[in-house]
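Since the structure comes first, as structure tokens, the remarks are kept for the end.
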Amino acid sequence: MAGLVTVLSGVFAGSGGLSVVAAIAAALAVWWAVPPGSAGRLRRRAANRPLGRVAGVAKLRAWATRRADRAREQALRDLVPQVCELMAVCLEAGRPPRVAVRLVASVISAPASTVLDEVVHRIDLGVDEARAWSELKDVPGYGDVGRDLARSVRSGVGMADLLRQHAREARDRSAAAAIARARTAGVRSVVPLMLCFLPAFLLLGIVPLFGAFAAGLH
């Protein structure tokens, strides 16, 4: 490399070609220092960085969506007892199911109010009332309620007592789920507590012992 630079210097000397020689020497040094194919890999890596960021954002959005879906599903299940009891009160007062669901949808909180509003909207559009109730089969916590209400609409059988039973069963399921979550909370908290207390134990319990032992040796 040095010999080649010397030859080029002799060729371009005296004509202001020193800058040209220096530029050529620098280019050759870079070419010699960077292995073949490295520039292509660097370009590909730089080009893939935006794709990696996009993938990271997509994963974050997917995680947030799953979290929101789980929260909505839990909120729907928690509101089942209230919906069933309010429907039972309306039916006992002599209101037909289509009027009862409209009244309950106006006083219940979201997301259950949104689900009941969809039932009301289907009925207002002319969909068969039993079919409108049966559409609740895909809503978490409302499958059995929708099926029984659809059966009641077809047969004319009263639903107040059965709705109150659904409310009791929903409360029992919510209580069991809460107990299960409370039991798993202790297990999940072991690692965070260990990470918090282990450094303190080492600093306050182990390090002084080693310090005292080292002092005794001196």
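How many residues does segment 134-166 hold that are surrounded by 14 or more Cβ atoms within 10 Å (Cβ to Cβ) and at positive phi?
Number satisfying all stated conditions: 1.
Do you know which residues across segment 80-111 are of a type outside the set (A, V, I, L, M), part of a helix (DSSP H, G or I) and in contact (Cβ under 8 Å) with a residue 12 or more places away in the chain?
Going residue by residue through segment 80-111, those that are of a type outside the set (A, V, I, L, M) are 81-82, 84-85, 90, 92, 94-98, 102, 106, 109, 111.
In the following step, the residues that additionally are part of a helix (DSSP H, G or I) were identified as 81-82, 84-85, 90, 92, 97-98, 102, 106.
PRO81, GLN82, CYS84, GLU85, CYS90, GLU92, PRO97, ARG98, ARG102, listed by residue number.
Would you pick out the residues in segment 133-164 that are assigned to a loop (DSSP other than H, G, I, E, B), of a type in the set (A, V, I, L, M) and touching a residue at least 40 places away in the same chain (Cβ under 8 Å)? Steps first, answer last, please.
To start, the set of residues in segment 133-164 that are assigned to a loop (DSSP other than H, G, I, E, B) comprises 139-142, 156-159.
Restricting the remaining residues to those that are of a type in the set (A, V, I, L, M) gives 139, 157, 159.
If the condition is that a residue be assigned to a loop (DSSP other than H, G, I, E, B), of a type in the set (A, V, I, L, M) and touching a residue at least 40 places away in the same chain (Cβ under 8 Å), then VAL139, MET159 are the ones that fit.
Here are some residues: ALA130, ALA167. Which one is part of a helix (DSSP H, G or I), over 19 Å from GLU73 (Cβ atoms) and in contact with a helix residue (DSSP H, G or I) (Cβ under 6 Å, 6 or more places away or on another chain)?
On the way: ALA167 fails: over 19 Å from GLU73 (Cβ atoms).
On inspection, the qualifying residue turns out to be ALA130.
Please go through segment 119-140 and give me each residue that is farther than 19 Å from CYS90 by Cα and in contact with an Asp or Glu (Cβ under 8 Å, 6 or more places away or on another chain), ordered by number.
Within segment 119-140, ARG122, GLU135, PRO140 qualify.
Which of the residues belonging to segment 112-127 are buried (at least 16 other Cβ atoms within 10 Å of the Cβ) and either assigned to a loop (DSSP other than H, G, I, E, B) or touching a Lys or Arg at 6+ places or on another chain (Cβ under 7 Å) (or both)?
Passing the criteria: VAL120, ILE123.
Coordinate-derived values only; no laboratory data. All of these numbers come straight from a predicted model, not from anything done at the bench. Glycine also receives a Cβ, built like all others from the backbone with ideal geometry; neighbour counts cover every protein chain displayed.
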